[in-house]
Structure formats: structure tokens, C-alpha cells
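Working notes for the structure below.
Each reported figure results from applying straightforward, stated rules to the coordinates on display, with no laboratory input. All values reported here derive from a predicted model rather than from experimental measurement. We place every Cβ from the backbone using ideal geometry, glycine too, and count neighbours over all the protein chains shown.
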Amino acid sequence: MLHLFSFYPYALPVGSLMFLVWLSLGFLGAPLWLWTLFVLINLVGWGSPCWLLILFGGLAVVSNVPLLRRALVSSVLMKVITALGLIPKVSDTEQAALDAGQVWIEGDFFRGRPDFAKLMKESYPELSREERDYIEGPIDQLCAMLDEWKIFQDREIPQKVWDFMKKIKIFGMIIPKEYGGLDFSALAHSEVIMKLASRSLPVTITAMVPNSLGPAELLKHYGTKEQKDFYLPRLASGEEIPCFALTEPRAGSDAGSIESEGVIFKKKDELYLRLNWNKRWITLSGVSNVLGLAFQLLDPEGLLGGEKEVGITCVLIPSNTPGVVLNRRHDPLGTPFVNCPTQGVDVEIPASHIIGGLGNAGKGWTMLMESLSAGRGISLPSQAVGTCKLIARITSDHSSIRKQFGLALCKLEGVEEPLARIGGITYAIEAMRRLTQGALDRGIKPPVVTAIAKFNGTELGRKVVNDGMDIMAGTGITLGPRNLIAHIYQATPIGITVEGANILTRTLIIFGQGLFRAHPWAYQEVDSLKKKDLKKFDHAIWSHCGHFVRNSFRFGLLNLTRGRLASTPGGEMKRYYQKLSWVSATFSLMTDVAMGALGENLKRKEKISGRFADVLSWMYLETAILRRFLAEGSPKEDLPFVHFSLQYGLKEIQDAFDGIFGNLSVPGMTWFLRGVVRPWFRFNAIGSAPGDELGHQVAHTLVSPGPARDRLCQGIYFPKVATESLARLEHAFHLIKEVEPLEKRITQAIHAHKLPKDRIYQLIDPALEKGIINESEATLLKEAALARWDACQVDDFSDEGYHGVEESNTKMFRPSYRGPAGPPN
């Protein structure tokens, strides 16, 4: 046979061209028929023997003709997988979780080829005028009423606050207007929680719960007309205070294993339920009028005409129903919101109390999964962002005000480091919050993304709180009205624990649920095997093979070019888009490798799945950061925050991949992952930690008055009363920034020996006498010195005051400018 391609002198260029075509087909994900044509051209061109051409022709026909492929290959493969028991078992509760909500941005990451041009057009919502007026009016009024120190000391929210919250319908933010609610967008709901979180956590949690998982959310989507007409107006006005009882002693994060039972029976020719339950950690249950309950419904007499074990069901119970026990309180880390156990002993209610009526008996788990996904995306992430913004403000104030070793704390590199993390992380999780609300406001309920938002909001929030405590130091650990961070620190583990403990959210939901939901072919394969649908299986399995081949090529080429081959938007963020494309291709390929190597055991390998979850989380966070920067007009002054948060995320991704390559066992390939891929990825790293210079820029931006600082902390509550702690800090901060040039002038005079070496505040009058400063400047310097002194004070108590008899000494001590009692800074 004629060797067309090997004819001298064309062999080398033709071979090189064929190699480039091969790489291009793989990288772009060419269809099977194009691969077939390419291989055939090469076989003919390089003079392959006839027997090889015939063999290839037969394989090509079988592969490209679906009817033949299904009959000769896919049917056999399907039987083998079934016989070997390789089909992952999916329980009913897992199936309900998989069916709930929609796949959103995470689907792009699992495909390994995210379309950033499309992702950068995702909705980035704004508040309506009505919503903004509510937040700047009634919510600001509510914040002004709150005294966090007194709430913690009294261990309760004052009745006047409860009354005002009901008056402004804060418990009805998600209830439609036709029922008297506010019918707010997800963004407005989130903004309310964020602002409240910067003021009082007990009040925030109290407002959060009725608007999250609970009767209102369930009634709105599933309730009968009668149930909606009766309950929703009362819930909106606060006439009815709701709670929802889900968690039990033996069913926490695994809420699907609840043991509370209800038996359906007939009473006077009507269907009734007899309920018994033991629940705990139920917020607002102690003050509730209506109790939502999830329980296992049994039908021993077959009254519903189906199985005796009907399944998880949700019901509404008036709290004063005989047998309902609500007389105990939990103490969640001393944070005084109402959180209680509740029991029910032979509680009898009409079966019509099932949310949605008898038709929804046994459908409670699906209802809960769909409701949980929205709550996870709003409540706890918004609370975390509110506290982080507050901490960014108070630490930047405090570190500018307080001096040590003759310098403001913010000038010390050791303090710059946590300040930079606070600024970068706060920017990142605010970006995540806004992007997530955009999806929810479009009616998308992405359970994987909302789990990412809940986990990362609370976990990154914990890092910010810890860094804030380190910067505040003694000021942060001295309790009293002046201390703005201690109660946040105290309550931080609560958010980590609730709505699914973070450990399990990371290891089971984000990647475990995400894999089956968002992978383009995995769920279709499992579903087709379960239903014995050969046509669907054939399409899924061969499409999956093509997906794997394409990502193998993308993985290799993007690694070699450090992502530069990826087609992405241009501009100053281009390198980040390219690196995220590289990350996505690696993530997608390694997901398939892990599935193939571990099969059903993958969901039990929680350390591995947790690392995959970290990669997926940070791909979403990085996308949100890029979207935020673009949506806000790409302000140059925000670039330190943007670069820091993006580089921080890439380092987290790098560490997660390192753990995957070093710990994933693949038969016959483990040595390659650990001995070749892992060292290569360390040498050719996707990312490294932000450098010191960038950290300095972030810290400097955070402690400099200006639009970047204000944008970072936008949406929190700033008190109007000058004696309040945050107002005191802000006043001192701005005065100190104003007098910095004057202090520099005095320092220069000291160096020139025009003034003696002394503390600056002691040299104000001598500087005035020598004409270094004028009268107005001297007055301003004295005002700043007194403000600095006042802002640095901490609370102290008499012995009686310490035991709650009198208030702390919070009045400012105003010493003279001479003598040992003067301001120390």
C-alpha cells in the first residue's frame, strides 16, 4: 500500500500536522465520527495493512451506529455492571435530595469547560426602592433600639423589640403581599439579615428563623388554600410565632433518620393523627404559637390505601394542643435567643393539618430538601457577611487608633497579615452572597451552591472572627458595652453547627450530592441502570467516555501551558479565568478517576470528597469574586481586595489538589499520581499564597478612608449616637486620619531638634508656641488625642457591677495634657 504521508520530504511536517490535529480534536472534544475519520485518514495515509483497515472499519461501524453499539457492546456492559453490583445504591432520602432544586454554575465546573463569558452575565441583583426604604427606615430604627450588651446580660430580647419586629412585619419577609407579607426578594431578605448581624446576633437569629426553613416557607410552596388563608396573614403580622421541629437526639445532620412518629386513625368518621416526638435545638419553640413538625407517618390500618410506612411528613400543630411540651430551654453558648427542646405525648390533631393536605402525606422529605436549599443560601451566609463587615470596620478602626512601640498597630507587619485576610475574605464572601441571591431571585434553587454558601460563609467567617480577636487582643476579651466582637466570637460555632454541621456539609453534600447532580453523565448512568433503560445507558456511557477523553487532553495541555490555551474573556482578570479553566479541567478529570477507582465507596471516602468539595467551593467563590468586580464597574481601588481573595482561593485549590493526588488510591496508577502528578503540580503550581506586598496593599486600603473601604463594609449598621462603641471608634478613626499630616510635622520637628523627644500629645502646646502648628490645628490635635484615649478604653466594673448590680464605667476619663494621668498614646 502506498505510504502517502511518509513520502520524503513531507513525512515530518505531515506527522507534526497530524499530531496537532490530534491534540486539537482531543482538546475541543470532537465527536466520535470526526475521530473515526481522523484515524481512518492516518491509517490509510501511513500505509496500514488491509487486515488492520478491515478491523478498524468493523469497530468504526459498531461504534458509530447506535443500534449496533447498543446490541453488541452496551447491552453486555450493562449486564456486567448489574451482575457485579457496581450500581451505587441510592436511598429514598438521597433520591429526594438529588431531585430537589436545580443545577446551576456548578454544572460548568463538573463539565471541565466553564463558559466565563456566560458566567460573567449571571444576574447581580439590586434592591428595589421599596426594599431599600425598608432597610434604611424600619430596620435602622430596629437596630437603634438594640442594646446587645443588655440583651446578653438580661438573657432575653426586650418585649418592646419583639413588638416592633412584629409591627414592621419582619417575620413576613418571604410571605406574599396578598397575605399581608412583605414579599421581599432574596437579596432584600439577605440584606436585612446582614444589617441585623452587624448589630445583634440574638435578634438576627430571631428574625432569621421564621423566614428560613419553617411553616411560612413550606406553606407558601405546598400549603392548601385554606392553610395559606388562615396561617400566612397571622405569620406575617407576628400574631403567630412559628418554629419548625426537625432535629432529634438521634437525627441531627442526618435528618432523614428521624424517629418521631405519627399514626393515622379514624375518629368520628374523620382522619386524625396521633403524634409522639422528642425534638431538640428548636429555635423559637418556647415562644411559638404554631409548631411545624417533621415525623415518620405510619398507616397500620391502610386508611390512605398505600404502604403502612408512608414516610416523612410535615404537619402544623397549635402549640397549646394537649400533649405538646414546651417548658424547657437550651443555652446555646450563652447567646440569648429562644432555643428549646420539645416533646409531644399522644398529641391528636386532624389529618388536615398535614402541610398541603393528605396528598402530601409522605412527601415531607422532598419538601424539606427544597426549602433547606433556599434557607442555606440566605440566612447563615448573610449573617456571616454582616459580622465580617463589622469586624473589618472595627479592626481597621482599632488598629489605626491604638499605638504600640510608637506606631499605630496597622503599621506593624504582624498586624497587617490578619488585616489582609479580613479584607480579602470579607470581599470574597460578600461576592458569594450577592451572586447566590441572584440565582434565588431568578427562581433557581441550587442545593449544591447553597451548601457551598452556607459552609464557606460560616467557615471563612470563623477565620475572620479569629483574626479579629487577635487584632483586638485585650480589648476583644474584656466584656462590656464597648466590646463589639466578643459576643460574635462566642456565637460563631452556632452557625458552624446548624442547618447541617459543616463537617458533613463539606464531606457529604457539596461534592457527594454535587457529583450525582452536576456531573453531566453520572446520574444518567445510574438512573438508566436502575430503570434498565438500554438506550439511555448507551447514550450516557459513551458520552461519558467522550467527556473523559476531552478532559484528559484539556488536563494535559492546560497543565503544560498553565491555562493559557483556554478560551476566556480578556482584560486584567484574564489570567484568573485561564487558571480557573485549568482548575475545572483537572477537577473534572480527577472526579472521573475517583469515580472509576472507588465506585460506590467514593461517598465513604470523606477525606477525599472533602478535598474535592474544597476545589468546587473555591471555583464558585472565585467566579463570584470576578463577577462582583465586573458588576461593580471594575474599580481600581478595589484591586488589592480582588487580587488577594483570588490568590487566596487558588492557594486553597492548590492545597486541595495536593491532598487528592497524595491520597487517592487508583489500582495500577497510584504510583503515577503520587510519584509524578503530585510533584509536577507542586512544581507547576496553580496558585500560591498572596505575597507580603499584596497583603500590605489590602491592609493599607482597609485602614484608609475612601470608597474601597466603604464598599467593603456597605450594608452594616452605623449608630448615630456618639457614645456607642462603633460610633466612638469611627469618630476617633477619622480624626486620627485627619491629623496624621500634623503629627508628621511634629515628628519632623523632633528630628530637627526643634522640639524635645516626647509623646506627640504632650508636644501640642510647645509646637503651637514655636509656630509649628496654628491654633485650629492644635485644637484638632487635642480633640484627636482625647478621642484616641477614649476609644482605647475598656469596660471595668465595681464588684457589685461585675455581679450585675450596677452598670460598667463607660464614661470617658478626660485627663489634662500634662502629668502622669495623661493619655498614653
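Specify the angular offset, from 0 to 90 degrees and rounded to the nearest 10, of the alpha carbon long axis of helix 11-28 from the longest principal axis of the alpha carbons in the chain.
That works out to roughly 60 degrees.
Could you let me know the centre-to-centre spacing of segment 670-733 and segment 157-202, using Cα atoms, in angstrom?
About 30 Å separates the Cα centre of segment 670-733 from the one of segment 157-202.
Using the Karplus curve 6.51 cos²θ - 1.76 cosθ + 1.60 with θ = phi - 60°, work out ³J(HN,Hα) for each residue of segment 695-702 in order, rounded to whole Hz, and write x for Gly and Pro.
x, 4, 5, 5, 4, 4, 5, 5
Using the basic label-point model (7 angstrom from Cα toward the beta carbon), what is the HIS330 to LEU630 distance in nanometres?
So the label points at HIS330 and LEU630 sit 4.2 nm apart.
Points 7 angstrom from Cα along the Cβ direction at LEU303 and GLU637: gap in nanometres?
Distance between the two pseudo-spin positions: 6.7 nm.
Using θ = phi - 60° and the Karplus relation 6.51 cos²θ - 1.76 cosθ + 1.60, list the HN-Hα couplings for segment 557-567 in order, rounded to whole Hz, with x at every Gly or Pro.
6, 5, 5, 5, 9, 6, x, 5, 7, 5, 8
Can you list residues whose amide H is under 5 Å from ILE773's amide H, if they're 5+ apart or on another chain and H is modeled 1.01 Å from N?
Those lying under 5 Å, H to H, from ILE773 are LEU768.
Rounded, prolate or oblate, given the Cα gyration tensor of segment 176-263, with a/c below 1.5 counting as rounded?
It is oblate, given that a/c is not under 1.5 and a/b is not larger than b/c.
So how much slack lies between LYS463 and LYS744, counting 0.36 nm per residue of separation and subtracting their Cα-Cα distance, in nm?
So the extension gain works out to 97.7 nm.
On a straight-distance basis, which lysines could pair with LYS79 in a cross-link, Cα separation under 16 angstrom, same-chain partners fewer than 8 positions away excluded?
Hits, sequence-local ones excluded: LYS530, LYS531, LYS532, LYS535, LYS536.
Pick out, in residue order, every one of the GluC sites (Glu not before Pro) in segment 758-806 that is DSSP loop and has at most 14 other C-beta atoms within 10 Å; say none if there are none.
GLU806
Using θ = phi - 60° and the Karplus relation 6.51 cos²θ - 1.76 cosθ + 1.60, list the HN-Hα couplings for segment 418-435 in order, rounded to whole Hz, with x at every Gly or Pro.
For segment 418-435, the Karplus curve yields x, 4, 5, 4, 4, x, x, 5, 4, 4, 5, 6, 5, 4, 4, 4, 5, 5 Hz.
Quote the FRET efficiency, to the nearest 0.05, computed for ARG575 versus PHE672 with a Förster distance R0 of 25 Å and r equal to the Cβ-Cβ distance.
It comes out at approximately 0.30.
Based on the alpha-carbon gyration tensor of segment 445-593 and its eigenvalue square roots a ≥ b ≥ c, which shape applies: rounded if a/c is under 1.5, prolate if not and a/b is larger than b/c, or oblate?
oblate
Add +1 for every Lys or Arg and -1 for every Asp or Glu among the other residues with Cβ under 10 Å from the Cβ of ASP692, and state the total.
In short, -4.
Roughly how tilted is helix 486-497, in degrees to the nearest 10 and between 0 and 90, from the longest Cα axis of the chain?
That helix lies at roughly 20 degrees to the long axis.
Per-residue counts of other Cβ atoms within 10 Å, averaged by peptide: what ranking do you get for 409-422, 655-668, highest first?
Order by mean packing, descending: 409-422, 655-668.
Could you pull out the trypsin sites (Lys or Arg not before Pro) across segment 706-802 that fall in loop regions by DSSP (anything but H, G, I, E, B) with no more than 10 other Cβ atoms inside 10 Å?
Taking segment 706-802 and a limit of 10 other Cβ atoms within 10 Å, the loop trypsin sites (Lys or Arg not before Pro) found are LYS720, LYS757.
Can you give me the distance in nm between label points at ASP346 and LYS150, each placed 7 Å from the Cα along the Cα-to-Cβ direction?
The modelled label-to-label distance comes out at 4.7 nm.
Enter the angle in degrees (range 0 to 90, nearest 10) between the Cα long axis of helix 364-401 and the first principal axis of the Cα atoms of the chain, meaning the one along which they spread out most.
Between helix and principal axis, roughly 40 degrees.
Summing -39500 (n - 2.57) over the DSSP H runs of n ≥ 4 in the chain and dividing by its residue number, what mean residue ellipticity at 222 nm do you reach, to the nearest 500 deg cm²/dmol?
Mean residue ellipticity, 222 nm, calculated: -17500 deg cm²/dmol.
Stretched out fully, how many nm does the piece from LYS737 to LYS268 gain, at 0.36 nm a residue minus the Cα gap?
Result: 161.1 nm gained on full extension.
Sort out for me the Cα centre separation of segment 334-373 from segment 66-85, rounded to whole Å.
45 Å
Taking a ≥ b ≥ c as the square roots of the Cα gyration tensor eigenvalues, with a/c under 1.5 meaning rounded and otherwise prolate when a/b beats b/c, else oblate, which class fits segment 122-191?
The shape class here is prolate.
Given a Förster distance of 30 Å, report the FRET efficiency between ALA83 and VAL62 from their Cβ-Cβ distance, rounded to the nearest 0.05.
Efficiency, rounded to the nearest 0.05: 0.85.
If you average the C-alpha positions of segment 236-306 and of segment 597-662 separately, how far apart do those two centres end up, in angstrom?
39 Å
Would you mind calculating the gained length between HIS753 and ARG250 on full extension (0.36 nm times residue separation, minus the Cα-Cα distance), in nm to one decimal?
Here the answer is 173.6 nm.
Would you list which aspartates and glutamates come within 13 Å of LYS225, measuring only between C-alpha atoms, while excluding same-chain residues fewer than 8 positions from it?
Straight-distance partners of LYS225: GLU178.
Cut-off under 16 Å on the C-alpha distance; same-chain residues fewer than 8 positions from LYS720 excluded. Which lysines are left, in chain and number order?
LYS195
Can you list the residues, at least 5 places off or on another chain, whose amide H is less than 5 Å from the amide H of GLU261, using H built in the peptide plane?
ASN276, GLN296
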